[in-house]
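Okay, structure first, notes after.
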Amino acid sequence: MRIVLLGGAGYIGTAATRHLIDLGHHVTVVDGLIYRPSDDPARLLPGAADFVRADLRDPQALLSAADGADAVVHLGGVVGEPASQVDERLAVELNYASPLIAADAARRAGTGHFVFFSSCSVYGMHEGTVDEDTAPNPLGIYARTKVLAEQHLPRELGEQAALTSLRLATVHGSSPRQRLDSVVNKMAATAAATGRIPLNGGGQRRPLVHVRDVARVLAGVVEQRITGALNVGSDAENHTIADIAEAVASVVPGAVIDRGPERDEADARDYRVSFAQLQKVLPGACPTPLKDGAREVADLVLAGVVGDPTQDQYDNHKGLVAAVAAGKVRRRDGGDCEQHWAGYRAAWGTR
């Protein structure tokens with residue numbers, strides 16, 4: 001199959017690219033290299049992957065990339081609420097306008113399958129266990145852009161292309177383009193570098209998934225053309241924040257948990273997710289446990305592969321702040337971005 005990965009040079013994208021190529025697929029990666037624009041794509045991506053450096057809001061670039069593709073996968077964007085708050089309009093353009101522009105390009109190119117990477121963050125705060133039929137309860141800019149994109153992608157695609165929305169649990173583990181600001185990776189890297197594990201709160205629940213398991217799910221989805229909304233993770237990997245800290249402490253010798261306030265008021269997300277639907281369509285999916293991902297990340301720091309885990313390149317929020325300050329990414333005025341910004345404001349308002 002010919003598969004186009006939009007945002008394929010990122011944390012998940014590089015793992016997905018290597019896995020899809022190992023399976024024999026032809027992969028084209030389109031990425032603006034916002035976070036690490038000096039990177040040589042050949043270092044991050046296998047030689048068999050075609051690479052196009054382009055803005056994921058550029059309709060012509062996306063149309064050209066989608067030409068002849070069996071599947072177009074939108075992974076790119078601003079990940080996480082802290083990064084999304086750097087510039088709300090920029091986050092809306094990259095997380096909401098961009099997938100809609102890409103879907104329109106896929107439709108015009110005759111692509112048969114469009115896959116959108118969403119997030120379990122759309123559930124926000126819920127009692128009990130949520131599943132794909134649970135009404136979203138987005139608590140911030142990041143989740144709101146995901147909800148709105150899921151709602152409007154069918155309109156852009158029409159009846160021509162199948163649509164899959166993958167709602168990811170919190171991703172962890174090692175990747176060619178490493179990220180360290182998600183909860184497991186941050187705790188593991190900090191524990192390895194300092195011997196301490198900061199813990200604010202502890203009772204909030206988070207579902208987790210290993211980055212390579214996400215790549216395997218993506219492969220199964222495009223190969224079998226599985227459609228609809230799908231939570232990506234494992235029932236066994238629903239953990240509290242305190243559970244995560246304890247797991248990290250168990251794989252980093254000598255690490256000590258520093259307990260802070262009983263609840264992290266800056267992040268109210270709290271939900272337990274059912275992944276039963278994923279197991280129906282892809283039995284055995286997402287088997288990798290939390291400790292494996294934590295150990296991988298800690299080993300990167302202990303071995304010196306990651307010299308300083310506090311560098312901007314490993315943090316989506318700090319990396320975006322630096323990219324904006326350097327003029328490497330900016331808002332786009334007019335055209336599709338203006339239209340979709342107006343739609344976002346009508347739905348959610350602005351800060």
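Odds and ends about this structure:
- Scan of segment 24-34 for residues that are of a type outside the set (Val, Ile, Thr) and closer than 15 Å to Asp70 by Cα, ordered by number: Gly24, His25, His26
- Only one of Val221, Val252 that is out of contact with any helix residue (DSSP H, G or I) (no Cβ under 8 Å at 6 or more places or on another chain), surrounded by 19 or more Cβ atoms within 10 Å (Cβ to Cβ) and either modelled with pLDDT of 95 or more or aliphatic (A, V, I, L, M) (or both): Val221
- So Ala9, is it surrounded by fewer than 20 Cβ atoms within 10 Å (Cβ to Cβ) and part of a loop (DSSP other than H, G, I, E, B): no
- Scan of segment 33-68 for residues that are at pLDDT 85 or above, small (Gly, Ala, Ser) and surrounded by fewer than 22 Cβ atoms within 10 Å (Cβ to Cβ), ordered by number: Ala54, Ala61, Ser64, Gly68
- Whether a residue is of a type outside the set (A, V, I, L, M, F, W, C) and not in a helix (DSSP H, G or I) was assessed, and Gly220 does not pass this test.
- Gly77 part of a loop (DSSP other than H, G, I, E, B) and surrounded by 21 or more Cβ atoms within 10 Å (Cβ to Cβ): yes
- Residue list for segment 214-232, filter: at positive phi and not basic (Lys, Arg): Gly228
- The residues in segment 260-284 that are out of contact with any strand residue (DSSP E or B) (no Cβ under 8 Å at 6 or more places or on another chain), modelled with pLDDT of 95 or more and surrounded by 15 or more Cβ atoms within 10 Å (Cβ to Cβ) can be counted, and the count is 1.
- Taken as a whole, the condition of being assigned to a loop (DSSP other than H, G, I, E, B), crowded, with 24+ Cβ neighbours inside 10 Å and among the aliphatic types (A, V, I, L, M) does not apply to Val86.
- Annotation for segment 230-240: at least one member residue is more than 30 Å from Ala66 (Cβ to Cβ), of a type in the set (S, T, N, Q) and assigned to a strand (DSSP E or B).
- Filter pass, Leu168 being in contact with a strand residue (DSSP E or B) (Cβ under 9 Å, 6 or more places away or on another chain) and either among the aliphatic types (A, V, I, L, M) or over 19 Å from Ser274 (Cβ atoms) (or both): yes
- Residue in segment 113-132 that is among the charged types (D, E, K, R), under 16 Å from the mean Cα position of the chain (by Cα) and modelled with pLDDT under 95 present: no
The values are calculated or read from the model by the stated rules, or taken from the named source; none is laboratory data. The shown structure was predicted, so the numbers you read here are calculated from the model rather than taken from an experiment. Note: ideal-geometry Cβ built from the backbone for every residue, glycine included; neighbour counts use all protein chains shown.
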